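Asker: I have a structure here, written as structure tokens, and I will follow up with some questions on it.
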Amino acid sequence: MDSWLSGVVRSPSAGGGGTPVTPSRVHSEPCKVPEELPANAQAVLRHTAACYQAVRATLNTLVLNATFDEDTNPMSRDGPPNRLMQKLLRELEAIPVVMYLVQLPFTRGVEIKWMTSGDPRFAQLIQIITLLYRLMKQAVKNDETNAVELHKHVNIIRAHQGKGLSATVTLKEIYMGKRKLLAKIQPDLIRLFVHLLQEERDPRYVDFLMSVCTCGIEPMPAIQKMICTELFEQNPELLPIIQLDHRSGAPPRLSILIPGSKNEDGSDLWMDAADFNDSHQVNGR
């Protein structure tokens, strides 16, 4: 880890910084990666490749030790948090260091928009950043002290939403069940996720909006109002279209329209709400 850091850092600083992403900036530009990358971006990728195995092994170990679980996959392991590990990460000031690393490539010539290009040249860098975000997710799980520290870097995390870096689950973990931080949510964050939903119907974005509606079992009325305003008043096209079929002599049937999908006869595909949780293949997925 130290060698990777020294390879791309000249003047270390653990500051948060970053610029908040407004909806108009998300996916606003086509992702075009030049065949020949700028020299500084090439240098980042060279240092990443040279240290990749050691850095990935270190991060895997840290992520696995951050929770108690039988799952040995660092990206799916999600058991109870290891409180001692969380305390050590806080006392060693790992949170600002990790967030500096997360942002570092994008201050050294690598464009954030290239992360969604599918270009294999960035695969190792994406894997490292994804593991860094996974470590931060586990560091703040049910830990408000660590979450407050990570929230100082929330603008960076917001800027990485929708870029394939697993930043959404980390942002969700910062707020989930933490009233003090939930109270800091402003409408622009809700608008960001609504815009992300417009770009891609990713259930993780819905999951985030659902998670900030409550704190434990207690509702968060201000946030609920923000979400309702954005969905019901500003973006009703994102809401599911439903119909109630109440024929005589038959029980009522509630159906949900599956946008962009057709039956074999070319008619719109409606799914019975009673079967909505069943496994269905829609649009090849």
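Asker: Taking the stated definitions as given, is GLY162 in a loop (DSSP other than H, G, I, E, B) and either open to solvent by less than 30 Å² (accessible area, probe 1.4 Å) or among the β-branched types (Val, Ile, Thr) (or both)?
Answerer: For GLY162, the condition - in a loop (DSSP other than H, G, I, E, B) and either open to solvent by less than 30 Å² (accessible area, probe 1.4 Å) or among the β-branched types (Val, Ile, Thr) (or both) - is met.
Asker: Of these, LYS172, LYS137, LYS141, which one is closer than 20 Å to PRO80 by Cα, at pLDDT 95 or above, in a loop (DSSP other than H, G, I, E, B) and in contact with an Asp or Glu (Cβ under 8 Å, 6 or more places away or on another chain)?
Answerer: LYS141
Asker: Another question, if that's okay. How many residues are of a type in the set (A, V, I, L, M, F, W, C) and closer than 20 Å to LEU196 by Cβ if we restrict to the range 129-169?
Answerer: So the answer is 9.
Asker: Does any residue of the range 244-259 turn out to be under 26 Å from LEU165 (Cα atoms), of a type outside the set (S, T, N, Q) and open to solvent by less than 60 Å² (accessible area, probe 1.4 Å)?
Answerer: No, that holds for no residue.
Asker: Let me ask something else. Here are LEU132, LEU125: which of them is more than 17 Å from ILE174 (Cα to Cα), under 18 Å from the mean Cα position of the chain (by Cα) and assigned to a helix (DSSP H, G or I)?
Answerer: On inspection, the qualifying residue turns out to be LEU125.
Asker: Further question: Give the residue, chosen from GLN124, GLN138, that is surrounded by 15 or more Cβ atoms within 10 Å (Cβ to Cβ), touching a strand residue (DSSP E or B) at 6+ places or on another chain (Cβ under 6 Å) and of a type outside the set (Asp, Glu).
Answerer: That would be GLN138, the only listed residue that is surrounded by 15 or more Cβ atoms within 10 Å (Cβ to Cβ), touching a strand residue (DSSP E or B) at 6+ places or on another chain (Cβ under 6 Å) and of a type outside the set (Asp, Glu).
Asker: Which ones in the range 192-239 are part of a loop (DSSP other than H, G, I, E, B) and open to solvent by 70 Å² or more (accessible area, probe 1.4 Å)?
Answerer: If the condition is that a residue be part of a loop (DSSP other than H, G, I, E, B) and open to solvent by 70 Å² or more (accessible area, probe 1.4 Å), then GLU200, ARG201, ILE217 are the ones that fit.
Asker: Out of GLY109, GLY79, which single residue is outside any helix (DSSP H, G or I) and over 19 Å from ILE128 (Cα atoms)?
Answerer: Selected residue: GLY79, the only one of GLY109, GLY79 that is outside any helix (DSSP H, G or I) and over 19 Å from ILE128 (Cα atoms).
Asker: Inside the range 82-106, can you point out the residues that are more than 17 Å from ILE157 (Cα to Cα), open to solvent by 60 Å² or more (accessible area, probe 1.4 Å) and part of a helix (DSSP H, G or I)?
Answerer: If the condition is that a residue be more than 17 Å from ILE157 (Cα to Cα), open to solvent by 60 Å² or more (accessible area, probe 1.4 Å) and part of a helix (DSSP H, G or I), then ARG83, LEU84, LYS87, LEU88, ARG90, GLU91 are the ones that fit.
Asker: Being in a helix (DSSP H, G or I) and surrounded by fewer than 12 Cβ atoms within 10 Å (Cβ to Cβ) is the filter; apply it to the range 23-45 and report the residue that is modelled with the highest pLDDT.
Answerer: Only one residue tops the list, namely ALA39.
Asker: Kindly establish whether GLU144 is closer than 21 Å to ALA94 by Cα, touching a residue at least 24 places away in the same chain (Cβ under 8 Å), buried (at least 17 other Cβ atoms within 10 Å of the Cβ) and of a type in the set (D, E, K, R).
Answerer: No, not satisfied.
The values are calculated or read from the model by the stated rules, or taken from the named source; none is laboratory data. The model shown is predicted, which means the values in this text are computed figures rather than measured ones. A quick note on method: Cβ atoms are made from the backbone with ideal geometry, for glycine too, and the neighbour counts reach across all protein chains shown. Surface areas here come from the heavy atoms of the whole protein model, side chains and all, with no ligands, DNA or RNA. Shrake-Rupley method; radii C 1.70, N 1.55, O 1.52, S 1.80 Å.
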